[in-house]
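Okay, so here's the structure we're looking at.
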Amino acid sequence: MDVKIEQSWKERLTAEFEKPYFSALTDFVRREYVAHRIYPKGSLIFNAFDKTAFDKVKVVILGQDPYHEPGQAHGLCFSVNDGIALPPSLQNIYKELEADLGIPPRTSGNLAPWAAQGVLLLNATLTVRAHQAGSHQQRGWEEFTDAVIHKIAEEKEHIVFILWGSYAQKKGAFIDPFRHLIIKSAHPSPLSSYRGFFGSKPFSKTNDYLLQTEQIPIQW
């Protein structure tokens, strides 16, 4: 199956694209785009991979679903297009970034500059119906993104995995903590941010580890 995705990922995921579940997933997603309004637009489904080649990955931030309201989703977890109001979780991410590193909140919620520096902004599910959170879960995307995380965890060393909330932590449970840095905390959602997200200092912890392992820190 010919999947339009950045070449370094394509080389590593070709076997995944040939599996029956991925064929069924592709058929489902195509039908959904015909019958419903789906986010993000088709050309941006694999935007996280296109923005951060496999060889460039230094940090993985794991989200769950794309945003499901107009203009928000563009294939990078927690990120929204320029000119779109900041979602609550992203507002809290910016608050923690300011508390952690003194970086004032930006007006833009577009996290593409992070992706360009090696931060893979990966959602567990890569598509969603408009206004229906979770509508494309359990269709095969989770199996695909599990395979992605396995590839990174097994083929690379000294990656920072930022796992916010119980869902992300379960999905990353197999990652070897002796080979990589795993940062866990509550999710930045307003429902849980005060239960351990605020004060968790993920950005300084990431950069400290990158420096310790002779990598260039992220300009958050």
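Looking at the stretch 1-20, I want the residues that are closer than 19 Å to L44 by Cβ and have a partner that is open to solvent by 20 Å² or more (accessible area, probe 1.4 Å) and among the aromatic types (F, W, Y) with Cβ atoms under 8 Å, at least 6 apart or on another chain. Which pairs are those?
V3/F46; K4/F46; I5/F46; E6/F46; W9/F46
Has the stretch 126-145 got any residue that is out of contact with any Cys (no Cβ under 8 Å at 6 or more places or on another chain) and within 14 Å of V60 (Cβ to Cβ)? Steps first, answer last, please.
Going residue by residue through the stretch 126-145, those that are out of contact with any Cys (no Cβ under 8 Å at 6 or more places or on another chain) are 126-145.
Cutting the leftovers down to within 14 Å of V60 (Cβ to Cβ) gives us 145.
Among the residues of the stretch 126-145, at least one is out of contact with any Cys (no Cβ under 8 Å at 6 or more places or on another chain) and within 14 Å of V60 (Cβ to Cβ), which makes the answer yes.
Given the criteria open to solvent by less than 20 Å² (accessible area, probe 1.4 Å), among the hydroxyl-bearing types (S, T, Y) and modelled with pLDDT of 95 or more, does S23 qualify? Steps first, answer last, please.
On the way: open to solvent by less than 20 Å² (accessible area, probe 1.4 Å): no; among the hydroxyl-bearing types (S, T, Y): yes; modelled with pLDDT of 95 or more: yes.
Against the criterion (open to solvent by less than 20 Å² (accessible area, probe 1.4 Å), among the hydroxyl-bearing types (S, T, Y) and modelled with pLDDT of 95 or more), S23 does not qualify.
I'd like to verify a number: residues in the stretch 164-206 that are more than 16 Å from the chain's Cα centre (by Cα), of a type in the set (S, T, N, Q) and modelled with pLDDT of 95 or more, how many?
Result for the stretch 164-206: 2.
With respect to I61, is the statement that it is in contact with a Leu (Cβ under 7 Å, 6 or more places away or on another chain) and either at pLDDT 95 or above or not polar (S, T, N, Q) (or both) true? Break it down into steps so the answer makes sense when it comes.
Values: in contact with a Leu (Cβ under 7 Å, 6 or more places away or on another chain): yes; either at pLDDT 95 or above or not polar (S, T, N, Q) (or both): yes.
Spelling it out, I61 is indeed in contact with a Leu (Cβ under 7 Å, 6 or more places away or on another chain) and either at pLDDT 95 or above or not polar (S, T, N, Q) (or both).
What number of residues within the stretch 108-134 satisfy the criterion of being modelled with pLDDT of 95 or more, open to solvent by 10 Å² or more (accessible area, probe 1.4 Å) and over 15 Å from H74 (Cβ atoms)?
Qualifying residue count for the region: 4.
So if I check each of S200, S108, which one is more than 22 Å from T52 (Cβ to Cβ) and among the polar types (S, T, N, Q)? Give the steps one after another, and end with the answer.
Details: S108 fails: more than 22 Å from T52 (Cβ to Cβ).
When all the criteria are applied, what remains is S200.
Among the strands (runs of 3 or more DSSP E) confined wholly to the stretch 115-220, which include 2 or more residues that are more than 19 Å from F22 (Cβ to Cβ) and of a type in the set (F, W, Y)? First the steps, then the outcome.
Numbers: elements: 119-123, 160-164, 181-185.
Strands (runs of 3 or more DSSP E) meeting the threshold: 160-164.
Of the residues that make up the stretch 67-90, is at least one open to solvent by less than 60 Å² (accessible area, probe 1.4 Å), of a type in the set (D, E, K, R) and in contact with a Ser or Thr (Cβ under 9 Å, 6 or more places away or on another chain)?
Step one: of the stretch 67-90, the residues open to solvent by less than 60 Å² (accessible area, probe 1.4 Å) are 67-68, 71-81, 84, 86-87, 89-90.
Right, trim to of a type in the set (D, E, K, R) and you get none.
No: zero hits.
The values are calculated or read from the model by the stated rules, or taken from the named source; none is laboratory data. What you are looking at is a predicted structure, and each value in this text was computed from that prediction instead of being measured. Note that each Cβ is placed from the backbone with ideal geometry, even for glycine, and that neighbours are counted across all protein chains shown. To get the accessible areas, we keep the full protein, side chains included, count just its heavy atoms, and leave off ligands, DNA and RNA. Shrake-Rupley method; radii C 1.70, N 1.55, O 1.52, S 1.80 Å.
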